[in-house]
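Nothing in this text is a laboratory measurement; each read-out follows from the coordinates by a stated rule. These numbers come from a predicted model, not from an experiment. Cβ coordinates were reconstructed from backbone atoms using ideal geometry, including for glycine residues, and neighbour counts include every protein chain displayed.
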Amino acid sequence: MAIEELMKAVLTATPAKRRELELVIKGEAATPTDKGAEDRRLVTIAGAARLLALGRNTIYRLIETGRLDTVELNGCKRVTMRSIREFADGARPANEKTAKLVAASQARYATRRAANDSEVAG
């Protein structure tokens, strides 16, 4: 998207659309056209923390233990949406210390996901 088009979109957008565009600009969200596109999406550490309703330190711990996958871009870590979804759905193995974390994040993720979907639709 050209900078002029982006500025026009931001200036003429509804508040919900403006929030969505701000997240896209920050690299924390995108509007996927299909499930495969969403799985390839990357989010910042802060974005992953917000999606899972967890703290940044917890996200770093989950990355260190291999429960979340990351990609490094120009020295910055980005978390894959696929690994966030798998973690929230309980598909990623969890040890005893993180079993409670997985159960709690599943509920938070579902709530956050529903709120994001309704915001994008509105």
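Listed values, structure above:
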{"read-out": "Ranked packing of 103-115, 49-61, most packed first, by mean Cβ within 10 Å", "value": "49-61, 103-115"}
{"read-out": "Extension reserve of the Cys76-Ala104 stretch, reckoned as 0.36 nm per residue once the Cα distance is removed", "value": "7.3 nm"}
{"read-out": "Fewest-first sequence of Arg78, Arg18 by Cβ atoms within 10 Å of each Cβ", "value": "Arg18, Arg78"}
